[in-house]
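Visitor: Let me give you the structure first, and then I'll get to my questions.
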Amino acid sequence: MIYYLTTILVYGGVDAIACLGLSQQFGVAGVTNFGFIIFQAAGAYTAGVLSLPNQSANGGFQSYVGGLGLPWPIPWIGAAIVGGLLALPFASLVGKRLRGDFAAIGLLVTAVMFNLLVTNYRPFLNGAAGLSLVPSPLGGVVDPLSGGYQFGYGIVAIVLAALVYLFLRRVTNSPYGRTLRAMRDNDVVADSLGKNLRSLRTSMLVLGGAIAGLSGGVLVGFINLWDPQAWGYAETIVLFAAVIIGGLGNHSGAVLGAILVPLGFEEASRYIPSIGPAGLIPALQWVAIGLLIVLFLWFRPQGILPERRRKLATAGVPAGPVVLPGAGAADELPDVPTLPPPPVVARHPGASAARGEIVLEAHDLARIFEGVRAVDGVTIAIQRGRLTGLIGPNGAGKSTTLAMLAGTLLPSEGRILYAGEDITGLPAYLRARKGLVRTFQLASEFKKLTVIENLVSAVPGQQGDSFRGAVLGKRYWGAQERQNVERAEHMLERFGLSAHADRYAGDLSGGQRRLVELMRSLMAEPQVLLLDEPMAGVHPRLARQIGHQLLALCAEGMTIVMVEHELSIMDEFCDPVIVMAEGRVLAEGTMAELRGRSEVVEAYLVG
Ligand code: ADP
Ligand code: MG
């Protein structure tokens, strides 16, 4: 009986540790790693060969790398280190080119190949036979078969799982964790706000790999075996099922999922009488896990314990239920506030530079999509301190031009200069850090971040927005975080969204979400702000108020380029205005001048 209980404790701890690693990697950061189990296997193997004596010691019937006979806890530490290091080659796969789905499949294929290699090539890792006679930790000191030892092992596994939980909670609740969740919700937007996706993804693969490796190390010391068949890539699916069912983005959910799925199924299958042909029950188990995933994704995608909504707002905002205006036109009108005059932005170093000098230029910029020249030789020069308008019919290439200026798209031809520096090949996140910030035409809020989290996430140079900062803890980054929250609250007040501070941004109306994006881009402390239809879907009265805000920001030294369809907005706020059509610049001037030019009128102003 004690053996049965302790086995459950150990397996529960091991599964919980692994699920926590996956929860951080997939649930929080959105890095889909279908090769996750490989890291557990590598950790287990490492712990095995670090603790095993040299190859000949047991009669030389098995061959393995190492055989160092090191004492506990070195094999477990080694398991975590090797799991983490193994993530580095995987990370290069997930780097810039292989994103999202591709990366997931790439990792799956790598995992399958790894399995084939290990199973079929005996000199390496002893082939299909795996390892046996792996020594139990401290086996020379305490009898590994005694009840006390077994029970102690279970306790150690559970304590380790608790420590991993606390550590990951610290990371996830930090500004760095917020950045990870932002990347998960919309990586292109996170990139445009100065977040280094490659480094974030690499860190998550390494952290997840180390945790998976540790769990493997704990397991192999208990079962004293390393069987390559036990780490089939399909086992990864069991862990994914656990974190999806438990609740994505919630570490407690991951622990619950670990108890329900891997442990639960293992235990349940123990009590099912073996009926039918051999292999029927395990096969049915796979069907059941697959069905469970589908059912949850369909009926309860947030899992049993949904991700916790984090409340940051401190101001005297009534906590009562927020009533949204009903559908229809009024839907786009959040109590139109009287916007007090800015300043909105705390600091932007460009403010002192001369107004009117050229701050951003494009030379012969072109972008070819599948042979079509969507942007075809655009040359523009943007003056500092002005609100430049960009108009043109649908498909003229306005958004594509903006995307190239911001680095979201690389140009097929041409050059871009920013503050005198050639930035043509500079990644978007580095442009954002230099103060060149964009917004998007399509909704791009971080849906599962609250409104205020959306805003604070964009603040550059946060102390807690690095792995190190997150580990140092709230004492390190808390004071600065409070200032950032306060700044965000002022911004919310200015745009009349204070009452919505702690709601998920994804739950707001279209017009409100536009405001969130605009505020978020301002929080990024831009010197040059590229706005792609920021007023689309916003009530006309509010749109005009925003226009005045933007002008005031320009008067302070900010430079703004704005794509907008509404000509009355252009008339009132934008000077100069650039007209694009069919991928080219058609004309540039004040709206009054443009209305006097027949080719412009023909291409756009009428029709
Ligand atoms: P605008 O913002 O002026 O309406 P866009 O820059 O969005 O125009 O688009 C210009 C042209 O490029 C359109 O014909 C559009 O279909 C095409 N286009 C834009 N993005 C892509 C893409 N990712 N792949 C293929 N074609 C695209
Ligand atoms: Mg567009």
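Rule-based calculations on the coordinates, nothing more; no lab input. Remember, it's a predicted structure, so these values are computed and weren't measured experimentally. Cβ sites come from the backbone with ideal geometry, for glycine too, and all protein chains shown count toward neighbours.
Visitor: Of the listed peptides 304-312, 38-46, 7-15, 200-208, what is their order by residue-averaged count of other C-beta atoms within 10 Å, with the highest listed first?
Guide: Order by mean packing, descending: 38-46, 200-208, 7-15, 304-312.
Visitor: Given H placed 1.01 Å from N in the peptide plane, which residues other than close sequence neighbours of R310 have an amide H under 5 Å from its amide H?
Guide: Amide H neighbours of R310, under 5 Å, 5+ apart: T450.
Visitor: Another question, if that's okay. Can you tell which of V579, A603, L551 lies farthest toward the positive end of the dipole of the stretch 516-607, using +1 and -1 charges on the Cβ of basic and acidic side chains (Lys, Arg; Asp, Glu)?
Guide: Going by the charge dipole, the pick is L551.
Visitor: Follow-up. How high is the relative contact order of the stretch 5-107, in percent, counting Cα pairs under 8 Å that sit 6 or more residues apart?
Guide: 29 percent
Visitor: Is the shape of the chain best called rounded, prolate or oblate, per the rule: a/c under 1.5 gives rounded, else a/b larger than b/c gives prolate, else oblate, with a ≥ b ≥ c the square roots of the Cα gyration tensor eigenvalues?
Guide: prolate
Visitor: To continue, here is another question. Relative contact order for the stretch 357-605 using alpha-carbon pairs under 8 Å, separation at least 6, rounded to a whole percent?
Guide: So the answer I get is 28 percent.
Visitor: Nearest 5 percent is fine: what portion of the DSSP beta bridges confined to the chain is antiparallel?
Guide: Here the antiparallel bridges make up roughly 60 percent for the chain.
Visitor: If amide hydrogens are placed 1.01 Å from N in the peptide plane, which non-local residues have theirs closer than 5 Å to the one on W72?
Guide: L138
Visitor: Run the count for the chain, please: Lys pairs, Cα-Cα under 19 angstrom, 8 or more apart or on different chains.
Guide: Eligible lysine pairs with Cα atoms under 19 Å apart amount to 7.
Visitor: Further, regarding this structure: Magnitude of the Cβ-charge dipole of the stretch 372-485, K/R +1 and D/E -1, about the Cα centre, nearest 20 debye?
Guide: 280 debye
Visitor: Just order 24-35, 498-509 by mean Cβ neighbour count inside 10 Å, highest at the front, would you?
Guide: Ranking the peptides 24-35, 498-509 by packing returns 24-35, 498-509.
Visitor: Lys/Arg Cβ at +1, Asp/Glu Cβ at -1, dipole of the chain taken about the Cα centre: which of L284, L594, G43 is farthest positive-ward?
Guide: About the Cα centre, the residue reaching furthest to the positive side is G43.
Visitor: Then there is this: Using 0.36 nm times the number of residues separating V287 and L116, minus their current alpha carbon distance, what extension gain do you get?
Guide: Additional length available on full extension: 59.2 nm.
Visitor: Compute, for the chain, the length of the dipole vector about the Cα centre, with Cβ point charges of +1 (Lys, Arg) and -1 (Asp, Glu) only. Units Debye, rounded to 20.
Guide: Dipole size: approximately 1200 debye.
Visitor: Apply the a/c threshold of 1.5 to the C-alpha gyration tensor of the stretch 2-230 and tell me whether it is rounded, prolate or oblate.
Guide: oblate
Visitor: At a Förster distance of 45 Å, what's the computed FRET efficiency of L88 paired with E602, Cβ-Cβ distance as r, to 0.05?
Guide: 0.20
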